[in-house]
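The values are calculated or read from the model by the stated rules, or taken from the named source; none is laboratory data. Note that the coordinates shown come from a computational prediction; the quantities given were computed from them, not determined experimentally. All Cβ positions, even for glycine, are placed from backbone atoms using ideal geometry, and neighbour counts span all protein chains on display.
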Protein chains: 2
Amino acid sequence: MRTVDLIHRKRDGEELAPEEIQYLIDGYTRGEIPDYQLSAFLMATYFSGMSDREVSVMTESMVNSGSIVDLSSIPGTKVDKHSTGGVGDKTSLIAAPIAASAGVVVPMISGRALGHTGGTLDKLESIPGFRTDLTIDQFRGLLAEHQLAFIGQTPEITPADGKLYALRDATATVESIALIATSIMSKKVAESLDALVLDVKVGSGAFMKKQVDARRLAQMMVGIGRRLDKRVQALITDMNQPLGYAVGNALEVMEVSQTLQNAGPADLTRLSLELAARMIFLGKIAKTMEEAREVAQSKLLDGSGYRKFKDIIAAQGGNPQVLDRFDLLPNATGAQEITTSRGGYVSGIDAQLIGQASSMIGAGRNTKDDSIDPAVGVILEVKVGQKIEAGSILCRIYYTGEEHLAEAADLVEDAFKISQHPVEERELILEVVS
Amino acid sequence: MRTVDLIHRKRDGEELAPEEIQYLIDGYTRGEIPDYQLSAFLMATYFSGMSDREVSVMTESMVNSGSIVDLSSIPGTKVDKHSTGGVGDKTSLIAAPIAASAGVVVPMISGRALGHTGGTLDKLESIPGFRTDLTIDQFRGLLAEHQLAFIGQTPEITPADGKLYALRDATATVESIALIATSIMSKKVAESLDALVLDVKVGSGAFMKKQVDARRLAQMMVGIGRRLDKRVQALITDMNQPLGYAVGNALEVMEVSQTLQNAGPADLTRLSLELAARMIFLGKIAKTMEEAREVAQSKLLDGSGYRKFKDIIAAQGGNPQVLDRFDLLPNATGAQEITTSRGGYVSGIDAQLIGQASSMIGAGRNTKDDSIDPAVGVILEVKVGQKIEAGSILCRIYYTGEEHLAEAADLVEDAFKISQHPVEERELILEVVS
């Protein structure tokens with residue numbers, strides 16, 4: 001088998017055989033296939049795409065490049081939830097405790113903020129004392145006791161993914177749907193899950209700008225799941241405006257606390273409950289989605305989810321009191337109001353611009369090595385569809401330093417679109433792929 | 001400027017600015033841009049193509065990566081001829097001496113056989129003593145004295161091309177029309193020519209299988225010439241059957257000798273004269289193409305071209321007597337006849353298969369480091385359109401060893417298509433692009 005022939009055939013739109021995909025991934029991970037050949041293969045894949053069989057084999061090869069997190073000693077059905085990344089998306093911190101409190105085992109391996117999107121690990125680490133650098137043994141111990149634990153990616157899990165991602169990042173091949181699907185699914189399959197709920201974001205603040213692309217990505221990941229014997233369901237959800245009101249790490253933890261006490265934003269509550277319900281359904285706690293939705297709702301209303309989150313904060317070294325006393329969380333030192341000069345209806349809030357502004361003042365990172373300021377971010381005062389008067393406050397920027405503040409304020413101002421006519425509300429959950 | 005952004009934009013089909021193309025080629029040649037980024041750029045270029053401005057700037061950047069052969073001390077108009085590579089294509093050895101004998105200065109920098117196509121240098125080196133590894137000073141000396149000299153590519157000329165070609169070869173990006181055009185034109189521009197005649201081959205035995213691709217390549221190279229102030233004309237010619245009868249290095253030199261004595265195959269003679277006439281026209285020896293054709297014809301008929309070739313063979317260390325006494329050339333030790341079992345009309349002779357068979361028994365090379373057997377090859381006994389009887393000889397394979405002989409014979413047999421109906425003759429010169 002010659003690597004150049006495989007590149008050639010992928011370039012010409014052919015489907016590669018399972019052993020050929022395996023040869024490429026194994027050879028690359030072992031350092032036998034050079035970067036320059038694999039990057040040409042990745043670019044050919046960007047243009048030619050991959051079949052469902054190809055992405056499944058590629059996912060499996062990536063999983064086999066490292067070790068698998070063995071959770072067989074823990075009783076119960078293991079279900080994780082993964083989002084393709086959005087702005088203000090803190091649903092993991094709400095849906096996971098609700099599902100775990102209903103009896104689902106939720107081994108949550110999460111990522112960090114990059115670019116304009118946030119990361120679950122960074123949000124959790126804004127809680128003083130919270131540790132996500134657990135050993136696999138500690139992770140298993142927490143899951144056995146609490147049905148829930150949060151951990152970061154470890155280098156032993158799918159090293160091929162880390163190597164491939166770095167190469168994609170340097171060669172403009174990140175945006176390939178096939179490569180995104182294999183990257184996400186390899187990490188999830190390596191957790192030895194039984195089932196997975198995916199939240200595929202679409203819109204200005206998401207990787208996928210078009211619904212047709214989001215659908216293809218969702219279908220591909222569900223298909224990989226089917227071939228690798230994992231039950232997978234995917235929601236396609238709107239990311240044309242931030243989810244909830246809060247964007248920024250500690251600010252989002254505050255909103256999580258409110259939402260787990262049933263006092264959160266309507267959109268965030270609705271999506272978190274739907275995700276939790278699907279985890280509960282796939283976790284075999286409920287027989288129908290209807291029943292699962294009722295279970296999720298009751299676990300929110302009776303405070304079980306809230307208490308579960310407090311338990312796991314304490315178990316991972318954090319101070320659970322932060323959920324009641326927000327002054328115990330990192331707090332910004334200044335706030336700048338962004339107002340509107342004219343009245344009307346809010347017709348759009350560009351999530352990407354809000355995410356960029358928030359990242360710019362320290363809530364996110366541009367490169368993996370940047371550090372995060374947990375206190376800063378943006379809190380919206382309005383959402384799309386709302387009627388506003390001239391002079392109304394659109395949002396507040398919370399900051400700890402004034403560097404980049406003016407620039408961030410400009411971005412935020414540009415994010416809001418005001419119309420003279422009432423606007424139709426957007427659907428939040430656009431499609432279900434299963 | 002970030003390399004990844006340039007890859008991204010080329011991937012998305014954008015035209016890059018001149019300084020961006022320059023940055024990529026300069027950076028890559030100097031080793032500042034890694035192979036893995038350039039290979040992704042090349043694959044993106046394969047899919048997205050390049051504008052005429054982009055290929056011109058890329059050609060210039062490649063020329064500037066090395067030194068230019070300064071021919072300003074030699075009086076006269078310098079015109080080279082280049083073929084994109086075919087099977088049995090020995091026109092350079094006929095057209096160049098004819099044009100030089102008419103007063104055109106022909107600095108011919110040629111290539112070697114690769115894959116199923118032959119190389120001018122290998123053909124010349126089948127002449128005992130003939131040396132092509134001249135210094136640039138020797139090259140200039142020969143040009144001043146004989147108006148003609150043959151030399152190989154030197155490492156000082158467009159090192160970027162050598163580096164890029166090796167990368168393309170390993171990453172399935174050789175077939176990009178834009179990259180083929182820049183590779184050819186950079187080497188020609190570095191010769192400081194005044195004009196160039198291109199022979200773009202199309203058909204089964206050529207790189208370009210479709211006339212539309214050949215036309216695009218021809219137009220692109222003519223366009224590069226225009227932007228870089230070189231007059232360039234291109235013929236698009238048929239390569240669905242080998243040119244002439246002989247395929248193989250010494251065998252082709254014999255056919256060159258016959259053709260220069262006006263006793264060669266009709267197709268080879270016709271194309272060589274047309275190429276020579278265009279060189280004479282662009283070389284300003286004749287005012288019109290009609291006049292140029294007359295000059296070329298007369299230089300063939302009065303033996304001037306033949307004598308010029310003998311002169312340059314002697315000047316480059318070879319024995320000019322080989323043109324009269326073929327036993328002085330390397331000769332095969334065995335010959336195998338390929339006959340047809342049924343009569344009819346020859347409707348096709350697949351040039352690629354003939355080239356592969358010839359290469360397989362030693363006339364060509366699969367990798368740059370393979371050595372060549374100058375004696376071996378194939379001599380056709382028939383051409384497309386000819387009526388044949390059952391039992392007729394189609395061709396003879398000339399060999400020096402029997403390894404691969406049976407395999408080569410199978411390929412050659414497959415190459416001939418016999419029809420029961422008379423077939424229309426194909427046009428040899430399909431188009432002129434200027």
Here are A:Ala102, A:Ala17: which of them is in contact (Cβ under 8 Å) with a residue 60 or more places away in the chain and away from every other protein chain (no Cβ under 12 Å)? A:Ala102
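Determine if segment A:360-369 includes at least one residue that is exposed (fewer than 15 other Cβ atoms within 10 Å of the Cβ), out of contact with any His (no Cβ under 8 Å at 6 or more places or on another chain) and under 29 Å from A:Leu143 (Cβ atoms). Spell out the reasoning first.
In the first step, residues of segment A:360-369 are kept if they are exposed (fewer than 15 other Cβ atoms within 10 Å of the Cβ); the result is A:366-369.
Now drop any that are not out of contact with any His (no Cβ under 8 Å at 6 or more places or on another chain), which leaves A:366-369.
With the extra rule that they be under 29 Å from A:Leu143 (Cβ atoms), the set shrinks to A:368.
Yes, segment A:360-369 contains at least one residue that is exposed (fewer than 15 other Cβ atoms within 10 Å of the Cβ), out of contact with any His (no Cβ under 8 Å at 6 or more places or on another chain) and under 29 Å from A:Leu143 (Cβ atoms).
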Whichever residue in segment A:199-234 is under 24 Å from A:Ser72 (Cβ atoms) and in contact with a helix residue (DSSP H, G or I) (Cβ under 6 Å, 6 or more places away or on another chain) and, among such residues, is surrounded by the most Cβ atoms within 10 Å (Cβ to Cβ): A:Met221
Just to be sure I understand the filter: pairs with C-beta atoms under 8 Å, separated by 6 or more residues or on different chains, first member in segment A:21-38 and within 7 Å of chain B (Cβ to nearest Cβ), second member aliphatic (A, V, I, L, M). Which pairs pass? A:Asp35/A:Leu167; A:Tyr36/B:Leu38; A:Tyr36/B:Leu167; A:Tyr36/B:Ala170; A:Gln37/A:Val4; A:Gln37/A:Ile7; A:Gln37/B:Ala170
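Taking the options B:Ala390, B:Ala415, name whichever one is surrounded by 17 or more Cβ atoms within 10 Å (Cβ to Cβ), of a type in the set (Gly, Ala, Ser) and touching a residue at least 12 places away in the same chain (Cβ under 8 Å). Explain how you work it out, then say what you get.
Values: B:Ala390 fails: surrounded by 17 or more Cβ atoms within 10 Å (Cβ to Cβ).
B:Ala415 is the lone residue from the list that is surrounded by 17 or more Cβ atoms within 10 Å (Cβ to Cβ), of a type in the set (Gly, Ala, Ser) and touching a residue at least 12 places away in the same chain (Cβ under 8 Å).
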Pairs needed: first member in segment B:164-181, within 23 Å of B:Lys210 (Cα to Cα) and more than 10 Å from chain A (Cβ to nearest Cβ); second member anywhere, of a type outside the set (Lys, Arg) and not in a helix (DSSP H, G or I); C-beta distance under 6 Å; at least 6 residues apart or different chains. B:Ala178/B:Gly49; B:Ala178/B:Met50
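The rows are residues; the columns are (1) among the acidic types (Asp, Glu); (2) over 17 Å from the mean Cα position of the chain (by Cα).
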{"residue": "B:Gln336", "(1), (2)": "no, yes"}
{"residue": "B:Ala351", "(1), (2)": "no, no"}
{"residue": "B:Ser359", "(1), (2)": "no, no"}
{"residue": "B:Thr367", "(1), (2)": "no, yes"}
{"residue": "B:Asp370", "(1), (2)": "yes, yes"}
{"residue": "B:Asp373", "(1), (2)": "yes, yes"}
{"residue": "B:Gly377", "(1), (2)": "no, yes"}
Look at segment B:241-285 and say how many of its residues are free of Cβ contacts under 8 Å to residues at least 60 places away in the same chain, of a type in the set (A, V, I, L, M) and more than 16 Å from B:Phe326 (Cβ to Cβ). 2
I'd like to check something: does segment B:341-353 contain any residue that is surrounded by fewer than 17 Cβ atoms within 10 Å (Cβ to Cβ), out of contact with any Ser or Thr (no Cβ under 6 Å at 6 or more places or on another chain) and farther than 30 Å from B:Gly203 by Cα? no
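What are the residues in segment B:411-427 that are acidic (Asp, Glu) and either assigned to a helix (DSSP H, G or I) or on the phi > 0 side of the Ramachandran plot (or both), if any? Let's see the steps before the verdict.
At the first step, the residues of segment B:411-427 found to be acidic (Asp, Glu) are B:413-414, B:424-425, B:427.
B:Glu413, B:Asp414, listed by residue number.
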Do we find a residue being at pLDDT 95 or above, among the basic types (Lys, Arg) and part of a helix (DSSP H, G or I) anywhere in segment A:188-207? no
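Could you say which residue among B:Gly362, B:Gly391 is in a loop (DSSP other than H, G, I, E, B) and at positive phi?
After applying the criteria, what remains is B:Gly391.
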Here's a check for you: in segment B:42-93, which residue that is touching a residue at least 40 places away in the same chain (Cβ under 8 Å) and within 14 Å of chain A (Cβ to nearest Cβ) is surrounded by the most Cβ atoms within 10 Å (Cβ to Cβ)? B:Met43
Test: residue in segment B:397-410 that is surrounded by 13 or more Cβ atoms within 10 Å (Cβ to Cβ), modelled with pLDDT of 95 or more, in a loop (DSSP other than H, G, I, E, B) and in contact with a Ser or Thr (Cβ under 9 Å, 6 or more places away or on another chain): yes
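Among the residues of segment A:169-183 satisfying the criterion of being assigned to a helix (DSSP H, G or I) and of a type outside the set (Val, Ile, Thr), which is farthest from B:Asp12 (Cα to Cα)?
Looking only at segment A:169-183, we keep the residues that are assigned to a helix (DSSP H, G or I), and these are A:169-170, A:177-183.
With the extra rule that they be of a type outside the set (Val, Ile, Thr), the set shrinks to A:169-170, A:178-179, A:181, A:183.
Values: A:Asp169: 16, A:Ala170: 16, A:Ala178: 17, A:Leu179: 17, A:Ala181: 21, A:Ser183: 22 Å.
Among those that are assigned to a helix (DSSP H, G or I) and of a type outside the set (Val, Ile, Thr), it is A:Ser183.
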Of the numbered conditions (1) under 21 Å from B:Leu394 (Cα atoms); (2) in contact with a helix residue (DSSP H, G or I) (Cβ under 8 Å, 6 or more places away or on another chain), B:Asp238 fails exactly one; give the number of that condition. (2)
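Looking only at segment B:120-142, which residues are without any contact (Cβ under 8 Å) to a residue 60 or more places away in the chain and under 18 Å from B:Val253 (Cα atoms)? It would help to see each step written out before you state the result.
In the first step, residues of segment B:120-142 are kept if they are without any contact (Cβ under 8 Å) to a residue 60 or more places away in the chain; the result is B:120-121, B:133, B:135, B:137-138, B:141.
Answer for segment B:120-142, where residues must be without any contact (Cβ under 8 Å) to a residue 60 or more places away in the chain and under 18 Å from B:Val253 (Cα atoms): B:Thr120, B:Leu121.
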Do we find a residue being assigned by TED's automatic domain parsing to the domain that holds B:Met289, buried (at least 20 other Cβ atoms within 10 Å of the Cβ), under 15 Å from the mean Cα position of the chain (by Cα) and at positive phi anywhere in segment B:248-267? yes
Those residues that are surrounded by fewer than 23 Cβ atoms within 10 Å (Cβ to Cβ), in a loop (DSSP other than H, G, I, E, B) and modelled with pLDDT under 95, I need them from segment A:114-156; list them, please. A:Gly115, A:Gly119, A:Thr132, A:Asp133, A:Leu134, A:Thr135, A:Gln153, A:Thr154, A:Pro155, A:Glu156
Would you point out the residue of segment B:222-243, among those that are within 15 Å of the chain's Cα centre (by Cα) and in a loop (DSSP other than H, G, I, E, B), that is nearest to B:Ser183 (Cα to Cα)? B:Met239
Among (1) at positive phi; (2) of a type in the set (Gly, Ala, Ser); (3) crowded, with 24+ Cβ neighbours inside 10 Å, which single condition is B:Ala96 missing? (1)
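Would you tally the residues in segment B:305-327 being in contact (Cβ under 8 Å) with a residue 24 or more places away in the chain and under 18 Å from B:Gly264 (Cβ atoms)?
10
In the list A:Leu6, A:Leu24, A:Leu16, which residue meets the criterion of being out of contact with any Pro (no Cβ under 7 Å at 6 or more places or on another chain) and farther than 22 Å from B:Leu38 by Cβ?
Only one candidate passes the filter, namely A:Leu16.
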